[in-house]
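So the structure is just underneath, and the comments pick up after that.
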Amino acid sequence: MATDTTAPTTEAGPPPVSRSAWRDVYILAGMRGLSFAGDIAAETAIALQLQAQGAGSYAVMALLLAATVPPVLLSPLTGRFADRFDSRTLIVAVGGMQALICVAMTIWTSPVVLIALSALLSAGLAFTHPVFGSLPSAIVGKENVPRASSISQTWAMAGMVAAPGIAGFLIGRFGVTVPLLIDALSFAAVVAGGLLIRTRLHKGRDARAAGKDKAENGTADAPYKVTSDRFLTAVLILSGAVMAAASIINVLIVFYVRETFGASEETFGLIMSAWMLGLIPGGMLVRRVKRFSHETILIGTFLCIGVAILGTGLAPGVWWILPFYVLGGIGNGAQATVTHILLNVRVPDTHRGRAFAALGAVSNTGPALGYLIGGAILSFTTPRYGFLASGLFALAALAVFAKGVLRNTDATAPAPQLGEAAR
């Protein structure tokens, strides 16, 4: 029987949770924000360092691939790690490694070494992302997941939004070394947060021992696959398609604003900020909407993104882009949050790491393909037609897969179990 993911509407609401549990939620949220901020700030610093060293476009492309490919390639491994090993051990070990990598970037500055270290930094994020995503349900229970995931996602998006600007400012004032050392401190703070969170997934060897006993008794569960749940499969495919469309326009927008409309650099910067402006309120809105199921909200978020892209392509003037970009940002932020809620609610805790690793792989594959397609589009058509095609593609993908998302009763994902979480 499918898990009901409709937002609670009764007066009683979700059961009360202790203050210490919500303290863990806020610590987790801060850790996610620092982790994303540190990773993106380091990538920004290295990109500027490569440019200052006279590296060409191939070096920058290699850096972008170093940031996106490891989570895709490592997703089967990272998901299994998150489902088998103590969450505190993983957070502390990986966070410490990432801090050391940032320090190493200040010592060895050749382009090849910097790109290799960037790949290692991204690999670390691939290991921690499934753990961070799996913890809210274990900390506060599935009834309180909407609020906990909204808090966690809001801080994560705040880190993503703030990191490039802060990194650029610090690099302009102090050079590359100081920002990278600050990044190292941010990862050290993640390590401290991992030690402070009392809730632990798969503490000690309990989970592995239980699995071994099941295997010896001949009662082991069938291997978990995200693709065995048609609902989650539809969500991941749709997420990848829409995120690819959003990434295509990231390549096109500078040419659309500057060349098609002849607008200034300041106008371009304002338009880019508009999408970012919508991310955080979009994530916060999800837990405020009580009338609709999370599946319906998810479809609405994809619709917002598709309409925003298509509307931008139809814009008669440059300032018409602003409201569409705010709408797209709101949809993007809400989509990220509600996807995390659904994975926490639908996937059992023993397999949740693999589900979040699959989400991480999709979240990196979609943009990578989008960047490549966006560059190719400019070689044979104008930016406006590229926007129109991307918007229509996103809406077509929504039309094809929306039924699989909304038909929640077809899904057979078991309800989350909290037995593996130790407090």
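Residue by residue, here is whether (1) touching a Ser or Thr at 6+ places or on another chain (Cβ under 8 Å); (2) of a type in the set (S, T, N, Q); (3) over 21 Å from His351 (Cβ atoms) holds:
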{"site": "Pro111", "(1), (2), (3)": "no, no, yes"}
{"site": "Phe132", "(1), (2), (3)": "yes, no, no"}
{"site": "Asn144", "(1), (2), (3)": "no, yes, no"}
{"site": "Ser150", "(1), (2), (3)": "yes, yes, yes"}
{"site": "Ala162", "(1), (2), (3)": "no, no, yes"}
{"site": "Ile166", "(1), (2), (3)": "no, no, yes"}
{"site": "Leu181", "(1), (2), (3)": "yes, no, yes"}
{"site": "Ala184", "(1), (2), (3)": "no, no, yes"}
{"site": "Ala189", "(1), (2), (3)": "no, no, yes"}
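Restricting the range 19-48 to residues that are among the hydroxyl-bearing types (Ser, Thr, Tyr), in contact with a helix residue (DSSP H, G or I) (Cβ under 9 Å, 6 or more places away or on another chain) and surrounded by fewer than 24 Cβ atoms within 10 Å (Cβ to Cβ), the residue that is nearest to Gln98 (Cα to Cα) is Thr44. Would you confirm whether any residue within the range 313-327 is part of a helix (DSSP H, G or I) and at pLDDT below 90? So far as the range 313-327 goes, no, none of its residues is part of a helix (DSSP H, G or I) and at pLDDT below 90. Among the candidates Leu121, Leu195, the residue that is under 18 Å from Ala37 (Cβ atoms) and in the same structural domain as Ala37 (by TED's automatic domain parsing) is uniquely Leu121. Among residues of the range 254-286 being over 20 Å from Val307 (Cα atoms) and without any contact (Cβ under 8 Å) to a residue 12 or more places away in the chain, the one that is surrounded by the most Cβ atoms within 10 Å (Cβ to Cβ) is Arg258. Could you tell me whether any residue of the range 150-168 is over 28 Å from Gly269 (Cβ atoms), small (Gly, Ala, Ser), out of contact with any Asp or Glu (no Cβ under 9 Å at 6 or more places or on another chain) and not assigned by TED's automatic domain parsing to the domain that holds Pro281? Yes, the range 150-168 contains a residue that is over 28 Å from Gly269 (Cβ atoms), small (Gly, Ala, Ser), out of contact with any Asp or Glu (no Cβ under 9 Å at 6 or more places or on another chain) and not assigned by TED's automatic domain parsing to the domain that holds Pro281.
The residues in the range 345-396 that are in a loop (DSSP other than H, G, I, E, B), more than 30 Å from Leu135 (Cβ to Cβ) and hydroxyl-bearing (Ser, Thr, Tyr) can be counted, and the count is 3. A residue that is farther than 24 Å from His202 by Cα, outside the structural domain of Pro367 (by TED's automatic domain parsing) and part of a helix (DSSP H, G or I) occurs somewhere in the range 92-99. Does Val326 satisfy the criteria of being assigned by TED's automatic domain parsing to the domain that holds Ala399, crowded, with 17+ Cβ neighbours inside 10 Å and over 25 Å from Tyr385 (Cα atoms)? Considered against the rule, which asks whether it is assigned by TED's automatic domain parsing to the domain that holds Ala399, crowded, with 17+ Cβ neighbours inside 10 Å and over 25 Å from Tyr385 (Cα atoms), Val326 comes out as no. Among residues of the range 71-84 that are modelled with pLDDT under 85, none has a Cβ under 9 angstrom from a residue that is buried (at least 24 other Cβ atoms within 10 Å of the Cβ) and outside any helix (DSSP H, G or I) at a sequence gap of 6+ or on a separate chain.
The values are calculated or read from the model by the stated rules, or taken from the named source; none is laboratory data. This one's a predicted model, so the numbers in the text were calculated from it and none came from an experiment. No Cβ is skipped: glycine too gets one built from the backbone with ideal geometry, and neighbour counts run over all protein chains shown.
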